[in-house]
Amino acid sequence: MTVTKDQIESHGLKPDEYKKIKELLGRDANLLELGIFSAMWNEHCSYKSSKIHLKKLPTKNNIVIRGPGENAGVIDIGDDDAIVFKIESHNHPSFIEPYQGAATGVGGILRDVFTMGARPIALMNSIHFGLPQNEKTQNLLSGVVSGIGGYGNSVGIPTVGGETKFNSTYNENILVNAMAIGHANKNKIFYSEAKGINKPVVYVGSKTGRDGIHGATMASAEFDENSEEKKPTVQVGDPFAEKLLLEACLELMKDNSIISIQDMGAAGLTSSSVEMASKGKLGIELNLNKVPCRENNMTPYEMMLSESQERMLIILDDKKEEEARKIFDKWDLDFVVIGKTTNTNRLILNFDDKKIADIPIPALSDKAPLYERKWTKSKLSKNKVKIKDLKKIKIEDALIKILSSPNHSNKSWITDQYDQVVMCDTIQKSGGDSAIVRIHNKDKAIAISVDSSANYCKADPKSGGKQIVCENWRNLISVGAKPLAITNCLNFGNPEKPKIMGEFVECVDGIKEACEFLNFPVVSGNVSFYNETNSKSIFPTPVIGGIGVIDNLKKIVNIKTKKSGNLIMIVGKTLGHIDQSAFLQENFSIYGGPPPEINLVNEKNNGLIVLKLINENLALSVHDISSGGTLVSLAEMSISSGLGLKIYKPKKLTNSFEYFFGEDQGRYLIEFSKNNLKKIETFLKQNSVFFEVIAEVQNDIFEIEKTFSLKTKDLHDYNNQWYSKYNAIN
């Protein structure tokens, strides 16, 4: 039966794309084949709008074992240890059904990691919501946080940190980005490339249901007022089944049974089989009568496009089949040979003794559409705000307004819902610049940070792209880690609009420039387009997840000030850039102006020098200066430790607001003993690093000389009051 125009459109395919499908097949597609093309050619799976730009990113250096193109990136951290990590979006599903959308986002990213042979050791997330007063926000926030915690806690992986932000741009399109990190032996990494002819193709894990059908296609389309009707496309997760699958796969991976392995993620059985065959330049033939189904009378179309969770596809050494079956039987999971590899380079599907689909593998992968979409350069705001034109405000009132705002308040009401210490290797939980997780039974650890700054990227996409890479770099350094590599999740609107595509291109260019200069390669990632509702797009929101290594656990530092009498120094120059700052946004609702400039030379030099100070035991606590500027960062150090600070009144800049709330980049706050002042000053001067001593640690008073004085306990209370009030009202 020939497919109709309406069926083509409902599958998210353009008329010219279907024309190309007919040319590749030499005939019309049937409905099943149309569904398979739709799944493999949508934006979520094919990267058809982003691929040519993503190729610009640096992906290699001497510690990268595997970069983009696999389930996750792999880096070498020494001693035969490898870290496997990736971040992915589950934005659309989480808006439609927040609990299951977020939960299955966590489940999917975990499978991306353990399918590579790594035991997951940590989870992170970056979640963005609309304004707190928006009618949907509280329900979405509650559901997403519960979903993240419910899945991660149940499967037994610590969720050690992340970020939660609020902005009107996400009122109708929330962002839920989940990151997973795993540990493996670098000589025992598993890949998805199929090898060998007539090798068994094995389905393992949970049974296939009707949940998630067209999930990948739904993630590649804008929302409208009928988005709630798409709930059937959201997958349903079972973390306890995921735990069984994790242990069964890792047990099987102890020998040489597995030739290749692939998670059944977006587009389910379709994408997993096609990707494995495509990478190996082979064909795959499947008998769909053998697919384990949990619902009656499932059609081949439903089986191939279902995104039911907790499933894997394995190509196995045929001599090891029975041994492998025993492992999955022990863990009470399905283990079914549903097909074989072939030399045909085609995907052939059989059902009820009939061939029901026959598609060349390259037609689904290599020959998928690749677009160089039109884009326009972003119009940058050059109008700078003048402090003298603003309504007068006291500096302490401005500080309190920022600390008690939704975006800067304490988020322990979220992180307390996550098990952060299960597995007993968490050294530093959320609340600092980076989380830290020990490599089990070793005297070394990895630091993990997740960062985004949509307002900077909206104001200047290229500069914003550079800034968020640099902030991630600083957060890793601030705990004593050597930054190694990143993963990214690039969240944007509709790429068919030149303005949106321009934001994407320029952001990628900024990320590229910063990563190249800092030797901070991108080893994995994800692009999430079509984050729009009724043609209203989100701000460009690239999220960066970074990994650093700490070779000696004794060299770890944090943001907590240590001792009364110690001094605080800024490393890096303060110029007083106030535009796009939290000061203007939280106190005056001003969002215009250019973001701060990014000087990559200073970023790299300042960061490496701070890392040397940490390794020489000269920096006792460290905190990077980011959103909110110097005064907010100083307050965060005091709140964290309970100790106060006596802050010196600035002499060089005439305007205190610009000095204390400006968001100039490349700066750190470090605490040190007075006895080491001369030593540190000499070292910084020798390395051409600007610095200034700005405060002294004291017992319980946070003050600026001759300006204001607050009890540290009061700062803590201001920083912790927002959610209790929000929860009571709503």
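Below, the figures for the structure above:
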| quantity | calculated |
| --- | --- |
| Selected residue (criterion: farthest from G265 (Cα to Cα)) from residues of region 281-296 that are open to solvent by 10 Å² or more (accessible area, probe 1.4 Å) and either at pLDDT below 95 or part of a strand (DSSP E or B) (or both) | N296 |
| Positions within region 617-644 being under 25 Å from the mean Cα position of the chain (by Cα) and not hydrophobic (A, V, I, L, M, F, W, C), in sequence order | H623, D624, S626, S627, G628, G629, S633, E636 |
| Looking only at region 469-503, and only at residues there that are among the β-branched types (V, I, T) and part of a helix (DSSP H, G or I), the one that is farthest from E163 (Cα to Cα) | I500 |
| Given (1) part of a helix (DSSP H, G or I); (2) farther than 29 Å from G147 by Cβ, number of the condition F240 does not satisfy | (2) |
| In region 1-53, residue least open to solvent (accessible area, probe 1.4 Å) [restricted to those that are among the charged types (D, E, K, R) and not in a helix (DSSP H, G or I)] | K48 |
| Matching option when the condition is part of a loop (DSSP other than H, G, I, E, B), among the basic types (K, R), open to solvent by 20 Å² or more (accessible area, probe 1.4 Å) and modelled with pLDDT of 95 or more, among K458, K442 | K442 |
| Filter pass, F190 being at pLDDT 95 or above, of a type in the set (F, W, Y) and farther than 29 Å from D80 by Cβ | no |
| Residue within region 62-75 that is part of a helix (DSSP H, G or I) and either surrounded by fewer than 20 Cβ atoms within 10 Å (Cβ to Cβ) or of a type outside the set (S, T, N, Q) (or both) present | no |
| Selection status of P58, more than 17 Å from the chain's Cα centre (by Cα), crowded, with 18+ Cβ neighbours inside 10 Å and not small (G, A, S) | yes |
| Residues satisfying the stated conditions in region 488-509, i.e. in contact with a His (Cβ under 6 Å, 6 or more places away or on another chain) and open to solvent by 10 Å² or more (accessible area, probe 1.4 Å) | none |
| Residue in region 697-712 that is within 29 Å of T415 (Cα to Cα) and assigned to a helix (DSSP H, G or I) present | yes |
| Residue, farthest from K411 (Cα to Cα), within region 135-169, restricted to residues that are assigned to a helix (DSSP H, G or I) and among the β-branched types (V, I, T) | V155 |
| Selection within region 116-140 - over 16 Å from S430 (Cβ atoms), out of contact with any helix residue (DSSP H, G or I) (no Cβ under 7 Å at 6 or more places or on another chain) and crowded, with 22+ Cβ neighbours inside 10 Å | M116, G117, A118 |
| Complete set of residues in region 504-530 that are part of a strand (DSSP E or B), under 24 Å from A435 (Cα atoms) and either of a type in the set (S, T, N, Q) or in contact with a Lys or Arg (Cβ under 6 Å, 6 or more places away or on another chain) (or both) | S524, N526 |
| Residue list for region 645-687, filter: over 35 Å from the mean Cα position of the chain (by Cα), of a type in the set (D, E, K, R) and either open to solvent by less than 10 Å² (accessible area, probe 1.4 Å) or closer than 14 Å to N566 by Cα (or both) | K646, K674, K678 |
| Residue that is within 28 Å of A184 (Cα to Cα), without any contact (Cβ under 8 Å) to a residue 60 or more places away in the chain and under 18 Å from the mean Cα position of the chain (by Cα), where the choices are I121, I148, I157, I127 | I127 |
| Checking E692 against (1) in a loop (DSSP other than H, G, I, E, B); (2) touching a residue at least 24 places away in the same chain (Cβ under 8 Å); (3) among the charged types (D, E, K, R), the condition it does not meet | (1) |
| Residues located in region 167-181, provided they are open to solvent by less than 10 Å² (accessible area, probe 1.4 Å), touching a Phe, Trp or Tyr at 6+ places or on another chain (Cβ under 6 Å) and either closer than 21 Å to F539 by Cα or of a type outside the set (A, V, I, L, M, F, W, C) (or both) | Y170, I174 |
| Odd one out for E307, checked against (1) at pLDDT 95 or above; (2) open to solvent by less than 10 Å² (accessible area, probe 1.4 Å) | (1) |
| Extreme residue, nearest to A398 (Cα to Cα), among residues of region 688-720 that are among the small types (G, A, S) and open to solvent by 10 Å² or more (accessible area, probe 1.4 Å) | S709 |
| Residue within region 666-680 that is free of Cβ contacts under 8 Å to residues at least 24 places away in the same chain and touching an Asp or Glu at 6+ places or on another chain (Cβ under 6 Å) present | no |
| Flag for K186 being open to solvent by 10 Å² or more (accessible area, probe 1.4 Å) and closer than 23 Å to I448 by Cβ | yes |
| Enumeration of residues in region 264-273 that are open to solvent by less than 10 Å² (accessible area, probe 1.4 Å) and of a type outside the set (S, T, N, Q) | M264, A267, G268, L269 |
| Check on A216, surrounded by 19 or more Cβ atoms within 10 Å (Cβ to Cβ), farther than 23 Å from A72 by Cα, out of contact with any Lys or Arg (no Cβ under 7 Å at 6 or more places or on another chain) and at pLDDT below 95 | no |
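For every residue, the table says whether it meets (1) of a type outside the set (D, E); (2) in contact with a Pro (Cβ under 7 Å, 6 or more places away or on another chain); (3) without any contact (Cβ under 8 Å) to a residue 40 or more places away in the chain.
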residue	(1), (2), (3)
E17	no, yes, no
Y47	yes, no, no
K51	yes, no, no
K60	yes, yes, no
N71	yes, no, no
V74	yes, no, no
D81	no, no, no
S89	yes, no, no
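The values are calculated or read from the model by the stated rules, or taken from the named source; none is laboratory data. In this text the structure is predicted, and so the values were computed from the model without any measurement. Virtual Cβ from ideal backbone geometry, glycine too; neighbours counted across all protein chains shown. Heads up: the accessible areas ignore ligands, DNA and RNA and are worked out on the full protein's heavy atoms, side chains in. Shrake-Rupley method; radii C 1.70, N 1.55, O 1.52, S 1.80 Å.
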